[in-house]
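Peer 1: Quick one: the structure is below, questions incoming.
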Amino acid sequence: MEKNALSKIETHIQTMKTAHAALANTSDIDMLFQIIHRPGWTTLAEGSFLLAALESINTQTAQLAALRQNVLAAAQQVGAAQAAGV
């Protein structure tokens, strides 16, 4: 693999690692729990939109976790000879 391509892959892996670590911070989620329990915090329609957004976030999170595992599994299947370009 070309050094430039490998460098780009490393950059993307590090960016992913940083972004996923930031997602582990749950202070915003804790705040959301507080907000939804306030009396009259939203209308029925707004609550429906929020529910749809949360369902989408959870679906995307599950898909992202599966994709990460699949990328790792695929990378592990590449043999040393193939990785070296032989």
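Peer 1: From 76, 69, 82, which residue is within 18 Å of residue 17 (Cβ to Cβ), at pLDDT below 95 and either touching a Leu at 6+ places or on another chain (Cβ under 6 Å) or not hydroxyl-bearing (Ser, Thr, Tyr) (or both)?
Peer 2: 76 is the lone residue from the list that is within 18 Å of residue 17 (Cβ to Cβ), at pLDDT below 95 and either touching a Leu at 6+ places or on another chain (Cβ under 6 Å) or not hydroxyl-bearing (Ser, Thr, Tyr) (or both).
Peer 1: Failed condition for residue 1, given (1) touching a residue at least 24 places away in the same chain (Cβ under 8 Å); (2) in a helix (DSSP H, G or I), with all others met?
Peer 2: In the conditions (1) touching a residue at least 24 places away in the same chain (Cβ under 8 Å); (2) in a helix (DSSP H, G or I), residue 1 misses (2) alone.
Peer 1: Could you tell me which residue of region 35-51 is nearest to residue 75 (Cα to Cα), considering only residues that are exposed (fewer than 10 other Cβ atoms within 10 Å of the Cβ) and of a type outside the set (A, V, I, L, M, F, W, C)?
Peer 2: 37
Peer 1: State which residue is nearest to the chain's Cα centre (by Cα) when the search covers only region 18-43 and only residues that are of a type outside the set (A, V, I, L, M, F, W, C) and closer than 19 Å to residue 58 by Cα.
Peer 2: 20
The values are calculated or read from the model by the stated rules, or taken from the named source; none is laboratory data. Note that the structure is predicted; figures quoted are calculated from it, not measured. Cβ coordinates were reconstructed from backbone atoms using ideal geometry, including for glycine residues, and neighbour counts include every protein chain displayed.
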